[in-house]
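See below for the structure under consideration.
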Amino acid sequence: MTATGPIGIFDSGYGGLTVLDSIRSRLPEYDYLYLGDNARAPYGGRSFEVVYQFTRQAVLRLFEMGCHLVILGCNTASAKALRTIQQHDLPLLESNSAENFQLSTFNSQLPRRVLGVIRPTAEIIGQKTKTRHVGLLATEGTVRSESYQLEIQKFFPDIQLTSVACPLWAAIVEAGEANSSGADYFVKKRIDQLMGQDPKIDAVILGCTHYPLLLPKIKSHIPDGVEIISQGHYVAESLENYLQRHPEIEKHCTKNGQTRYFTTENPEKFQESARIFLQQKIFAQHIDLQ
């Protein structure tokens, strides 16, 4: 592991590109390395153990590639793997146990951190609701993990959270159908379900990084007066604050304004789909995690 390197951003697929886009807009001077485990996506319906193992493999690979700071730009990974990686794996790495992780080029004396996308949203949600009734639209895995409930309760115990899983939304986005008329049915169905469970909701969290691409549809079906909370902006804001508070990490992040992309899937397929999320042409390389 080199003394300096890019900021790593990991997602099970493409959704993390919306997080990358927001972070780059706010912090364009840094270098970024995006890794998508597209070959094994989606993670939403997988067990805690499988998501943890897959996420752990990706984080360790990003460390090997020179990253000192890794952002889990995936709600499912943040919900099911982040805590174990932070509390178990990072301490082992820092205790000169790198050989247990099969990392041949690794300096355990250099700092490394892993952050998620759920906490930044939980930290600000209290500013967005007057009724203290908040909705969550997310994948089945994120909803079942109750991670948002736990994080929000730490900061705002008075907030009541109602969650609805949207199993087809991410697939609609990745199929390039976010703006199609067919998407309206599925978006309206889940919003109606959420508001039907709690009509007092005045703020809704989009708890999947794919969902910002459905914003036009969501806005057209969400009741007036309900604020939509898209994560990218708050994750980027939180990262900026984190780097300011942790110069011991920031000094290891390179600043050339460059981004590299890696995928476990076919690179050409990744490049084509990434244009949906980034609205620009990119070059991707294949990588194996197993």
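The values are calculated or read from the model by the stated rules, or taken from the named source; none is laboratory data. Source: prediction; values computed, not measured. Here the Cβ positions follow ideal geometry from the backbone for every residue, glycine too, while neighbour counts run over all protein chains shown. Ligands, DNA and RNA are stripped out before the accessible areas are found, and what is left, the full protein with its side chains, is counted by its heavy atoms. Shrake-Rupley method; radii C 1.70, N 1.55, O 1.52, S 1.80 Å.
Go through the range 266-277 and report how many residues are exposed (fewer than 12 other Cβ atoms within 10 Å of the Cβ) and in contact with a strand residue (DSSP E or B) (Cβ under 7 Å, 6 or more places away or on another chain). Working first, answer last.
At the first step, the residues of the range 266-277 found to be exposed (fewer than 12 other Cβ atoms within 10 Å of the Cβ) are 268.
Pick out the ones that are also in contact with a strand residue (DSSP E or B) (Cβ under 7 Å, 6 or more places away or on another chain) and you get none.
The total comes to 0.
Got a number for residues in the range 168-185 being in contact with a helix residue (DSSP H, G or I) (Cβ under 7 Å, 6 or more places away or on another chain), part of a loop (DSSP other than H, G, I, E, B) and open to solvent by less than 80 Å² (accessible area, probe 1.4 Å)?
The number of residues fulfilling the criteria is 2.
Results for (1) out of contact with any helix residue (DSSP H, G or I) (no Cβ under 7 Å at 6 or more places or on another chain); (2) surrounded by 21 or more Cβ atoms within 10 Å (Cβ to Cβ); (3) over 15 Å from Arg119 (Cα atoms), shown as yes or no for each residue.
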| position | (1), (2), (3) |
| --- | --- |
| Gly141 | no, yes, yes |
| Leu150 | yes, no, no |
| Phe155 | no, no, no |
| Thr162 | no, no, yes |
| Ile201 | no, yes, yes |
| Cys208 | no, yes, no |
| Leu214 | no, yes, yes |
| Gly225 | yes, no, yes |
| Val235 | no, yes, no |
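Looking only at the range 221-245, count every residue that is in a loop (DSSP other than H, G, I, E, B) and either among the polar types (S, T, N, Q) or within 16 Å of Lys130 (Cα to Cα) (or both) and tell me the total.
Taking the range 221-245 first, the residues in a loop (DSSP other than H, G, I, E, B) are 222-226.
When the remaining residues are screened for being either among the polar types (S, T, N, Q) or within 16 Å of Lys130 (Cα to Cα) (or both), the result is 223-226.
Going through the range 221-245 one residue at a time, the tally reaches 4.
How do the pairs read when you match residues in the range 141-156 that are touching a residue at least 60 places away in the same chain (Cβ under 8 Å) with residues anywhere that are part of a helix (DSSP H, G or I) and charged (D, E, K, R), using Cβ under 6 Å and keeping only pairs 6 or more apart or on different chains?
Partner pairs satisfying both residue conditions: Ser145/Lys80.
Is the range 40-56 home to any residue that is farther than 23 Å from Glu250 by Cα, charged (D, E, K, R) and at pLDDT below 95?
yes
Name the residues in the range 223-265 that are among the charged types (D, E, K, R) and either within 17 Å of Arg26 (Cβ to Cβ) or in contact with a strand residue (DSSP E or B) (Cβ under 6 Å, 6 or more places away or on another chain) (or both), would you?
Matches in the range 223-265: Glu227, Glu237, Glu240, Arg245, Glu250, Lys255, Arg260.
Within the range 44-87, count every residue that is out of contact with any strand residue (DSSP E or B) (no Cβ under 9 Å at 6 or more places or on another chain) and either in a helix (DSSP H, G or I) or buried (at least 24 other Cβ atoms within 10 Å of the Cβ) (or both).
The first filter runs over the range 44-87 and keeps only residues out of contact with any strand residue (DSSP E or B) (no Cβ under 9 Å at 6 or more places or on another chain), leaving 45-54, 56-57, 60, 64, 80, 83-84, 87.
Restricting the remaining residues to those that are either in a helix (DSSP H, G or I) or buried (at least 24 other Cβ atoms within 10 Å of the Cβ) (or both) gives 48-54, 56-57, 60, 64, 80, 83-84, 87.
Looking only at that region, the number is 15.
Quick test for you: out of Ile282, Ile201, Ile218, pick the one residue that is closer than 17 Å to Thr121 by Cβ, part of a loop (DSSP other than H, G, I, E, B) and more than 19 Å from the chain's Cα centre (by Cα).
Working: Ile282 fails: closer than 17 Å to Thr121 by Cβ; Ile218 fails: part of a loop (DSSP other than H, G, I, E, B).
Of the residues listed, the single one that is closer than 17 Å to Thr121 by Cβ, part of a loop (DSSP other than H, G, I, E, B) and more than 19 Å from the chain's Cα centre (by Cα) is Ile201.
On the given criteria, is Gly135 within 21 Å of Glu227 (Cβ to Cβ) and touching a Phe, Trp or Tyr at 6+ places or on another chain (Cβ under 6 Å)? Write out each step before concluding.
Details: within 21 Å of Glu227 (Cβ to Cβ): yes; touching a Phe, Trp or Tyr at 6+ places or on another chain (Cβ under 6 Å): no.
It is false that Gly135 is within 21 Å of Glu227 (Cβ to Cβ) and touching a Phe, Trp or Tyr at 6+ places or on another chain (Cβ under 6 Å).
Please verify whether Lys255 is open to solvent by 10 Å² or more (accessible area, probe 1.4 Å), in a helix (DSSP H, G or I) and of a type outside the set (A, V, I, L, M), treating the condition exactly as stated. Can you show your working first?
Details: open to solvent by 10 Å² or more (accessible area, probe 1.4 Å): yes; in a helix (DSSP H, G or I): no; of a type outside the set (A, V, I, L, M): yes.
No.
How many residues, within the range 249-283, are of a type outside the set (Phe, Trp, Tyr), touching a residue at least 24 places away in the same chain (Cβ under 8 Å) and within 13 Å of Leu35 (Cα to Cα)?
6
State the number of residues belonging to the range 1-36 that are modelled with pLDDT under 95, open to solvent by 10 Å² or more (accessible area, probe 1.4 Å) and touching a strand residue (DSSP E or B) at 6+ places or on another chain (Cβ under 6 Å).
0
Of everything in the range 128-177, what is among the small types (Gly, Ala, Ser) and at pLDDT below 95? Give them in sequence order. Full working, then the answer.
Just the residues of the range 128-177 that are among the small types (Gly, Ala, Ser), to begin with: 135, 138, 141, 145, 147, 163, 165, 170-171, 175-176.
Gly141, Ser145, Ala170, Ala171, Ala175, Gly176 - these are the residues of the range 128-177 that are among the small types (Gly, Ala, Ser) and at pLDDT below 95.
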